[in-house]
Structure formats: structure tokens, C-alpha cells
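The values are calculated or read from the model by the stated rules, or taken from the named source; none is laboratory data. Since this is a predicted model, take the numbers as computed values, not measurements. Note that we place each Cβ from the backbone using ideal geometry, even for glycine, and neighbour counts take in every protein chain shown. For the accessible areas, the whole protein counts, side chains as well, though only heavy atoms, and no ligand, DNA or RNA atoms are used. Shrake-Rupley method; radii C 1.70, N 1.55, O 1.52, S 1.80 Å.
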Amino acid sequence: MPDAALSPFAPLLLALASLFPLALLALTLAAPGFRPRLATLLWLAPLPGLMAAVFAQGAIVSLPTPLALGLMLDRPGALLLGSAALIWCAAGIAAPAWWGEKLRSLPYQAWWLATLAGSMTVFIAADVVTFYLAFSLVSLAGYGLVTRDGTVAALKAGRVYFALAVTGEAFLLSGFVLLALGAGGETRIAAIVAALPSAPRMAPALVLVLLGLAAKLGLVPLHLWMPPSYGAAPYPAAAVLSGAAVKAGVIGLVRFLPYATPTETLGIALAAAGFFSAFFGVAIGLTQRHPKHVLAYSSISQMGVIAAVAGLSLAAGRAAGPTEIAFYGLHHVFAKGGLFLALAALSMTGNRGRAALLWPAAIVALGIAGLPLTGGALAKLAIKDALGSGWAKTLGSLSAVASTVLMLHFLTLATVMRSRDASAVAPVALRAAWWGTALASLALPWLLFPSVGGSLAATVAPQALYELGWPILAGGALFALLRLWRNRPSLPPGDILAIIRTGEPWLARLSNGVAAIEGFLTDWTVAGAVLLLLALALAGAML
Amino acid sequence: MSAGLLATSPGGDVLVAAIVVPVIGILLLWLVRPRAVEWVALAALLANLGVAVAVLRTVSSSAAPVAYLIGGWQPPLGLALRADGIAAVFMAMAATVLVPVAIYARGAFGAPGERRPMVFWTMLLAITAALNLIFCGQDLFNLYVALELLTFAAVPLVSLDGSRETLKAALRYLVFALAGSVLYLLGVAIIYGAYGTLDLIGLASIRGPDGALLLAIGVMTAGLAAKTALFPLHLWLPPAHAGAPPAASAVLSALVVKGSFFIALRLWFDLLPPERAVAGSTLLGVFGAAAVIIGSAMALRQARLKLLVAYSTVAQLGYLFLVFPLGLGSGAAPFESTAWTAGALQLMAHAFAKAAMFMAAGLVYEAIGHDRIAEFRGLGRIAPLTVLTMTLASISLMGLPPSGGFSAKWLMLTAAFGEGAWWWVLVIAAGGLLAAGYVFRILVPAFTPPEEPIARVKPVVVRREAAALALAVIAILIGFLPLAPWPLLAIGRIAAGAP
């Protein structure tokens, strides 16, 4: 195993995974002359992360004592780091083809590299401060990617994105402080989680952390930001946001839940929230009219499945939970990120060469639902043990049925995407990025499945084929029925966001109210009276 | 031994230098040629920085306070200067802020020999002396004198440009600060009447939970709160800090309001019997919480950068007052508490970040001729270093790691959770969200490329940009200090040895 033969360069590789994108960021900030070249080299930036995932598993980097920052890489972290690095790489190849000249300007490169640095670091953070730093970086810099087009809709989506990002961070920070306090001021994640079972306020701490992660994962009702943001983000940005950035929430589930100790109530609650999101995402996704929004709702649904698996593993005290979650996440990185790249390629393609783009999309999309023999099937098999055999297994199969319906809905919308120019062909870089990602989503789970404890022989056993196959068939049948329903309702992306937006005038009134209070208090006579009252009140309070 | 006995400690004379250096600086300002004024002031501030660093090193290496008895006379007859851990740290902090401010302000007030540069540099050195005296003062009347010096040096800075608006703001500030002084002086009189001494160490050794002391502290605290612009006594701060020239705003927001806060801190932590502190400290905490929420909400509404930054000061000062309930509530040694360090860190992080922010705001104004936030598009292209400064300062103000603001927030949350005081957690979290909101309002347009190239009114001077940037970088660097109570801040607290 890598641990035994850990190269002395492994810690360096780990540090480079997060520092190399930052170094490029500094370069593009300081050297405008380098920007045209960097635009075509953005795909290089995540490569140290990829190499670290392959060669540096088990490595540790810790800074000298006053600086409480550190990095480390374990197996679940490596799975997510490697897959995220690959989708960043693929999107980095697609980006120049999609954006062209624009990518040579500072805002494009700076936001891209800052988000990338956070995205890589969050998987290898060894302490809560580094984790929070990386988590904030990937979330806040992601704002720049969401709003890259600068349209009114994008800026509006960006505000929702930002609001939920900082709300999630506030939860996360409070939870981290409480976790550190429970571990006697310790900030290393491993020590904190080891001390968790005996920590006095474990439940509130974990609830706060989970709320913070839920905002990133898009668990209902903190999912509001996801559909408008993915809808507004240009395709390469949507690919990395949905593929890589969201996995900051997944690594949080991996890192902070005490899987070694069965924690029933919290686990079941998380599983319930996850399953709710899994079905809610599909139900609302079916009312969407744009394939980007459908993919966003599919993400909400899939992250719900991951949260459910994490919750069930936590409730049962399954130590294998983190690896299974990470493996499921790995497939989702390629599948979801890849489908956004496929949409980009389709939207630049006229009448020729569509089949070569659409067929892989069909296989990858149905892979999300667990189409037998795809990488997605292995992902479903990896979480099979966590779902067990009771109600959770049934819900798991039903969510596969639901995903099938949603993915068929997505495919019907995707076939309509085309360039206005009938003879247009998408740039080869864009198509290659999509095909490469599709291949990764199909092949890499096969390569890695044995290393996470899966048996390849069992995946082709008739039993497994049946269990994975029937939800696809049932979903197909259901979708055929659904198409008979002519005027299906159409909801705006972000569903209840539209209702919340009706409260905006109320918010303005609140702000005016505050200003009125301020106006009253900053009157001379009032302030003078308050000063005297405060003197009396303070003296009175002590007497 | 009686806690009242003080002796000049080895290296104690350096405290005299802390007062004398800026005073000599002022005298020299009036003797040298107008052209040299700036350089003399800068030299005095650099010397002051050297003195402050020497004091800090002495205190931290000996792990004991430094004291000096003027003329060798014991208090209450004589005057004592004494720098304990927190005083030494704050002296160093103030001295460090002042040097970049001076570098920034050089040449900003018109030709040498005019009224404005002379007033500015004189008042800047007077503020330096007053702050040092406040940090080292041992006697309530001495502190009063220092406080008055601070106020009277700060008010002219507000109206430096002599416009109607700023004169009005300065007058407001003056009247309100004087009302605060009256209350403070009233408290001093009550204590003198009851105890016959104003020496803090002497008072701490004979204090008891008696009515006169409690009444006096209550009245004095209200006065100090008015000078610190604790909500709802902040009416003077936004117009004064937004109207002053940027270098002056930086000093006013970063340092001047902290002087009166420091005295309040001493009254409550050194003098007040801890068992009597609960209700009053909660009251201060509630006002602090209101400051955090309403100050931030007001900052969100502002259309102009300087007013936004000024309201952000109102909010950030609110956090400081959470130290009272969090530090005094637990009953256990308050100086070793997390809250004590959190408060000190918040004070320092805010000082550096806010000074940088006001200076950057001034540069923005110079570069594009206005500070209307809605028209900031393209700022990043015109003044990249200034936008970088604003970004770094904002990171600290909104409490993102790594920054002093983050460390302060982390420790403050730790203290609040440690006491099971969830309501303060809510305030801190809500304040962070609102801060993120107002920072977002500034930075997003600044980062957005302009639709058409916007005109640069005047080139920005790199020296001045670098001075502001240095302060912002320090605000970030504070975040690399360990996330734990500092032993340095607990050195030499009076109440630790008192009954």
C-alpha cells in the first residue's frame, strides 16, 4: 500500500496541491503579460493535486507550533482529491474553448484559481482552521464563477449563492468552535473526532457542523442557491462547481462524523433529511425546462443520497462509511461535471456529430441512477451495505427509480440543445474534455473498486444485475407514463426561492425600521437622556 | 506586603520616555522649519515605536509589569507609571499603527507652513502621548487628564478641512465627549470623597462592595461609553469619522475610541468587586450586541464608503463590550480567560484593519474623485493595491481565516460556548453575516471590470498605498498567533493580587 513506500517527496506534493494554484494566482495577479499563456495552461493547475492523490496517500504536513495549520491525506480524501483534480483538469481544457479570449483576463483566471485552491485544500486539511479556510475559499471564490457572465440573472443568483455560503460558514464556524472546545482546545480534526464520543456537547456541535455542510451540499431547504447558480454559471464553471466544489460538503461528512461510535438519533435524522432531499430533488427537477437546472436538481438529489448513507453509517457505527461515501462522491464528480461539459459541447454543435456526444451522455446520466456495468453501478454497490436490507434499502432502490426518471427527462432536454449554426462543430478540446470525463466516470470506479473493499466478481453476479437493473426499467416505464401527461407544471429554478423573494420588500422595511430607530437615537436630546439613564442603570445594576 | 507599595522596576525609566518622546516631538515641531515638520513627527513616532517595543520586551522577558515612580514618590503622594502585559501590548499596537499612518499622511495636507499640516502633526503626537499615558496611567485623575488630552487632540482632526459639515461633526463630538468627561469626573470625585485616594493599586487593596465605589464606576463607565461611541451613544461617530481626512479617520477609529475603552476595561477588571459585576456587565454586553446588529445593519444601507466604514466601527466596537459579560461572568481568573484575550485581539485586529480600510477609502476617493460604492466598477484596474488592501482588511473585519478578526471571533465564540451563553453566540454569528454583507457590497463592484474604462482623477502614490497595505497585512498576520489565551496579557493585573 502507498503508506509503506511513502516517498520523501510526498509531503511536498501535498503542500503543492494547495500551493501551486495559489502560486499561479499570485502570478496572474502580478504578471499581466503571462495571462494569455496561462489561459491555455489552466488545466495544469490541479495536477499537483492529482499526483498527491495518487502518490501521497498517508502523507502529513504540519507547520511549526505557533501556526496551527496542517495538511494530511487519507484514502477517502485521496479519492475525492484525485477525482476533483481530474474534473478541474478537464474543465481547464474546456475553458479556453468555451470562453476564448475572455479567459485571458484577470477576473476569469483569478476566480478560477482561487476556487481551485480552496477545492484542493479542503480535501487535505488536517485541522479545523485550515478546513474552514479552504471551505470558505472554495465557497466565496465560487461566487466569481457563478456570476462570470455578469448578467442580471447571474448577479441575482450570485447574491443567493453568497448569502447561503456565508450562512453555512457561520454554522460551520460555530460548530467547529464547539468541537474544539469539547476536545480541550484541540484543533486537529483527528484528535477532535477521537474526543467526540466523550465530549460534553457533541450533539449541538455536530448539528451545527451538519447545518453548515448541508448548505454546501444543497440539502433541502438549504438548496435554494444551487439551481439558479448552476443555471447562471457558464458551463466550465458549472462543471467544476457541481463536480468538485460541492464535494467540500462531502469531505465534511467524511471528516467530522464519529463513525466509530454508533450515534443513532443524529444518524437517522441525517438519513431522513438526505432521503427527503433525494426525492424532493427529483420531484422538482421534473418541473424544470432547462437541462442545467435539471442537473442542479439531480445534484440536490444525489447529495441527499450521500447524506442518507452518511447518516445510516453513523447510526450503525460503520467504520467503512467514509470510504463508501467518498467512492460514491468520486463517481458523482465525473458524472455531474461531465454532463455539464456535454451540454457545453452540445450547445456548440449543429447537426453533425451529435450522436457521439449524446450516447456517452445517456450512459453517464443513467449511470447516476446505477445502470448496470457503469461506474455508477459500482457507486451504488459501494453504498449497498450502508443501506442494509430494510426500509433504507427500499428507499435507496426507489431513489434509483426516481433518478432514472429525472435523467431521462434531462436527456430529452439535452437532445434539443444545439447550436443555431447547423454546420457548427464544438471545438475538439471541448469534446475531448467531455469524452475524457465520461471515460473516467465509466472506468475509474472499476479500477478503484477493489481498493475500497469491493469485489468485482460480485458486480456482475445476476443478483447485483437484477437489483441495479429493475429500478432502471421501472424508471423507464414511469418516464414513458409521465410523458403522457401533457401540461406538466413548470416551477422556477430554486422553487421556494420565489416565495422567499416575495419577502424582499419586508426586508427593506426592516432596514428602514432600523434606520428610523437610528435616526431617533441619534437625536441630541434622546442621546443625552440615554447617557444619563445608562449611568443610572449601570450604577443601579451593581448596587 | 501592601499591594500599594510600588517601586521603580529595572528598565522602568523607559516609561517616562513613552510620555516624553511625543511631547518633545511636539515642541520640536514648532521650532523647526515648516518643511521639516513632517520628518520630525515621523522621527518622533519611530522613536515612540522603539520605546513601545522596548517596554513590550521588558514586560514579556521579565513576566512582570514595568513601573516608574516619578521623583521616587510613592502613590498616592507621587505619580506612578506602570505598564502591565495588556498595556505593553496595546502601546506597541498603537505605536505600530501610527507609523504607517504618518507615512500615509505625509504631504496630504497641503503645503508646509499652512495651518492644516501643523495642526495635524501636532494633534497626532498629542494623541500618541495621551494614549501612552492612558495605557500606563495608575491614577484615576491622571487618566482623566490623559483622556481630556486625547479628546482635545482628536476633535480638531475631525474639522481639519474646515468645512461647515465637519465643523458641525466636530462640535457634536466635542459636546458629547465633554458630557462623558463630566460623568467620568463625577465618578472620580465620588471615589476621592469616599476613599481619599485615586491610585488604582491603592484602591484595589481597600475596595469593598460599597455603594460609593459602585456608583462611581457606574457613572464613569457611562461617560467612557459615550467617548467610546457604544451604541446608543454613537451619534457623534459616523459624521466625525466619515468627515475627517482619511489619515485622521484611521487614527480616530483605530486608536482614539480604544483609549476610553481601555479605561473602562481597567475599572471593571481591576477595581470592581467581581461578584458585583454580573448585572452591569450583562447590560454592557446587551448594548454591545445592539451595536453589532444595528451598526452592521446601518453599514449595509450606506451609499458612501467612508460612512459604511464608520458604521462598521460602531459595530466592531460592540464586539469589544462583549468582553465584559464573557470575561467577568465565569468568576474564574478573568485575565487568563479566553474572553480577555479575545477582547484584546479584537481591539488590535480592528485597529489595524480599520486604519487600513479608512486609508484605502481615502485613496479610492483620490483615485476616482468620489466614494460612492455603486460606482466602484473597475476600481480593481485603477488602484489594484488599494483594492488588495480593502480585501485583506475586509477578511479580518468579517472574520475569515487567517486574520486577527478570525482569531478574535474564534476565541470569543469559544468563551461564549464555554459559558453556555448561546445568546452571545447568536450575536457574534449574526454580526459576522452582516459584516460579510457590507464587505460584499464594497468588494464585488470593485472587482467587477468596468463596461467602459473609467477615468482616473489623480494617480495614487504607491508609498501611501503601501502604508495602508502594511496595516492590512498586519491584521492578517495577527491571525497566525495561537488560538489560545496569551499569558502575556495576564501579566501584572492588579486584581489578581488584590482581595
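Just to confirm my numbers, what's the Cα centroid distance between the range A:16-30 and the range A:210-230 in Å? Rounded to whole Å, the Cα centres lie 29 Å apart.
Relative to the Cα centre, the charge distribution of the protein assembly as shown, modelled as +1 at Lys and Arg Cβ and -1 at Asp and Glu Cβ, gives a dipole magnitude of about 2640 debye. Its Cα gyration tensor gives the range B:197-279 an equivalent ellipsoid, and the semi-axes of that ellipsoid, as √(5λ) in whole Å with the largest first, are 31, 13, 9. How would you classify the range B:9-138 from its alpha-carbon gyration tensor, with a ≥ b ≥ c the square roots of the eigenvalues: rounded for a/c under 1.5, else prolate if a/b is greater than b/c, otherwise oblate? Note, shape of the range B:9-138 comes out prolate.
How large is the charge dipole for the range A:10-499, taken about the Cα centre, if only the Cβ atoms of Lys, Arg (+1) and Asp, Glu (-1) carry charge, to the nearest 20 debye? Intermediate values should be presented prior to the final figure.
Numbers: 28 positive and 12 negative charges, 242 e Å.
With only Lys, Arg, Asp and Glu charged at Cβ, the dipole is about 1160 debye.
Computed with a 1.4 Å probe over protein heavy atoms only, the accessible area of B:R266 comes to about 10 Å². Placing a label point 7 Å from the Cα of B:T282 along the Cα-to-Cβ line, the residues of the range B:378-420 whose backbone N sits under 17 Å from it are B:416-417, B:419-420.
Ordered from longest to shortest, the equivalent ellipsoid semi-axes for the protein assembly as shown are 57, 31, 25 Å, each the square root of 5 times a Cα gyration tensor eigenvalue.
Fully extending the segment from A:R501 to A:A260 would add 82.5 nm, taking 0.36 nm per residue of separation and subtracting the current Cα-Cα distance.
Between A:R418 and A:A23, the FRET efficiency from the beta-carbon distance, with R0 = 51 Å, is close to 0.80.
The simple Förster model, with R0 at 56 Å and r as the Cβ-Cβ distance, assigns A:A457 and A:N351 a FRET efficiency of 0.80.
Geometric descriptor of the range A:407-500, per residue, is 226 Å³ (volume of the convex hull of the Cα atoms). The calculated Kirkwood hydrodynamic radius for chain B is 22.5 Å, given to one decimal from all distinct C-alpha pairs.
Amide H contacts of A:G70: A:A126, A:D127, A:T130, each under 5 Å away and 5 or more positions distant or on a separate chain (H built 1.01 Å from N in the peptide plane; Pro and chain starts excluded). Between the listed residues A:F256, A:A165, A:L113, the Cα displaced farthest toward the positive end of the dipole of chain A, a dipole computed from Cβ unit charges relative to the Cα centre, is found at A:L113.
May I ask you to rank B:E451, A:E324 by accessible area, largest first, using a 1.4 Å probe over the protein chains only? Intermediate values should be presented prior to the final figure.
Numbers: B:E451 160, A:E324 20 Å².
Result, largest first: B:E451, A:E324.
Each residue of the range B:223-228 was assigned a 3J(HN,Hα) from its phi angle through the Karplus expression (A = 6.51, B = -1.76, C = 1.60, θ = phi - 60°), giving x, 5, 4, 5, 6, 8 Hz with x at Gly and Pro.
Sorted into 5 angstrom bins from 0, the C-alpha pair distances of the range B:273-492 split as 1, 8, 15, 19, 17, 14, 10, 7, 5, 3, 1, 0, 0 percent. Each residue of the range A:528-543 was assigned a 3J(HN,Hα) from its phi angle through the Karplus expression (A = 6.51, B = -1.76, C = 1.60, θ = phi - 60°), giving x, 4, 4, 4, 5, 4, 5, 4, 5, 5, 5, 4, x, 5, 8, 5 Hz with x at Gly and Pro.
Based on the Kirkwood radius over alpha-carbon pairs, what is the Stokes-Einstein translational diffusion coefficient of the range A:94-133 at 20 °C with 1.002 mPa s viscosity, in µm²/s? Mind showing how you got there, number by number?
Numbers: Rh = 11.5 Å.
Once the numbers are plugged in, D ends up at 186 µm²/s.
Remark: the Cα gyration tensor places chain A in the rounded category, a/c being less than 1.5. Ordering B:V59, B:G107, B:L124 by Cα displacement along the dipole of the range B:9-138 toward the positive end leaves B:G107 in first place; charges were set at the Cβ atoms of Lys, Arg (+1) and Asp, Glu (-1).
Each label point was placed 7 Å from the Cα along the Cα-to-Cβ direction; for B:V32 and A:T525 their separation is 5.2 nm. Here, the range A:146-260 yields an orientationally averaged convex hull projection of 7.2 nm² when only Cα atoms define the hull. The label point for A:S105 and the one for B:I454, both projected 7 Å from the Cα toward the Cβ, are 1.4 nm apart.
Look at where the Cα atoms of the range B:226-278 and of the range A:403-460 average out, and the two centres are 61 Å apart.
Distance from the Cα centroid of the range A:492-537 to that of the range A:249-265 is 40 Å (rounded to whole angstrom).
All other residues whose Cβ lies under 13 angstrom from that of A:S139 are scored, Lys and Arg at +1 and Asp and Glu at -1, for a net of +1.
Taking 7 Å steps out from each Cα toward its Cβ at A:T40 and B:A63 produces label points 6.3 nm apart. Where Rh is the Kirkwood radius over the Cα pairs of the range A:214-373, the temperature 37 °C and the viscosity 0.692 mPa s, what D in µm²/s does Stokes-Einstein return? The Stokes-Einstein estimate is 205 µm²/s. So, in chain B, how many Lys pairs have Cα atoms under 22 Å apart, if the pair is 8 or more places apart or on different chains? Number of lysine pairs found: 11. Counting only protein heavy atoms and using a 1.4 Å probe, the accessible area of A:R159 comes to about 130 Å².
For the protein assembly as shown, what does -39500 (n - 2.57) per DSSP helix run (n ≥ 4), summed and divided by total residues, give at 222 nm, in deg cm²/dmol to the nearest 500? Kindly include the intermediate steps, with their values, before the conclusion.
Working: 46 runs with 739 residues, N = 1042.
Result for the protein assembly as shown, helices only: -23500 deg cm²/dmol.
Remark: the range B:273-492 carries a charge dipole of roughly 540 debye about the Cα centre, counting +1 on each Lys and Arg Cβ and -1 on each Asp and Glu Cβ. Working note: Karplus 6.51/-1.76/1.60 with θ = phi - 60° gives the range B:45-62 the couplings 5, 5, 4, 4, 4, x, 4, 4, 5, 4, 4, 4, 5, 4, 5, 6, 6, 8 Hz, where Gly and Pro are set to x. Principal axis analysis of the Cα atoms in the range B:364-499 yields extents of 66, 32, 23 Å, listed in decreasing size.
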